[in-house]
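Working notes for the structure below.
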Amino acid sequence: MASKKSGIPPIDIGIPEKDRKKIAVGLSKLLADSYTLYLMTHNFHWNVTGPQFNSLHAMFMGQYTEQWNALDIIAERIRALGYPAPGTYKEFVKLASIQEVEGVPKADDMVRHLVAAQEATARTARSLFPVVDAANDQPTADVLTQRIDVHEKTAWMLRSLLED
């Protein structure tokens, strides 16, 4: 991506540019899903009501805080690959597989929305593995593995709240 005139050396990390670009595109989708999930979780933290208020309010805070920290990890990996990270709502809406939730759902519906969004984010991360594996990109594989683990575990914990 560097211009020869700028004096900045080209990126030479052992991953061809075409592969770096594919990975960056996939990570951008993961970043969009992650940001959308973060915003949804924070919104639900602010607006949850009912008998489960205390437990859900605290649980959602832990989840959105973890998600917020993950955003930097994903964006910085995109940058390390030599591409700009998306950073606007307009870009995130185009890239995300998660739809925003209108209004303020009941507490159980919040949990259902979050289960679906956690699982969607895990699927987005998992879908990038073939490209990452083919490019021999272990740092991105590590990020994906960590994110999938968090999203699957969180989806399980949320789903457990809906069981009798």
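Spin-label model, Lys106 to Gln52: label points 7 Å out along the Cα-to-beta-carbon direction sit 1.1 nm apart. Once C-alpha pairs closer than 8 Å and six or more residues apart are averaged by separation and normalised to the residue number of the chain, the relative contact order reads 30 percent.
Each Lys and Arg Cβ is given +1 and each Asp and Glu Cβ -1; about its Cα centre, the chain then shows a dipole of about 700 debye. Sequence-distant contacts, meaning Cα pairs under 8 Å at least 6 residues apart, place the relative contact order of the stretch 1-93 at 37 percent.
Using a Gaussian network model on the chain with a 10 Å cutoff between Cα atoms, which of Thr121, Thr88, Thr36 fluctuates the most? Result for the chain, Cα springs under 10 Å: Thr88 fluctuates most. Taking the alpha carbon gyration tensor of the chain, multiplying each eigenvalue by 5 and rooting it gives semi-axes of 34, 16, 12 Å, largest first.
Readers should treat all values here as calculations from the given coordinates under stated rules, not as data from a laboratory. Small disclaimer: the values here were computed from a predicted structure and weren't measured. Here Cβ is always computed from backbone atoms with ideal geometry, including for glycine, and neighbour counts include all displayed protein chains.
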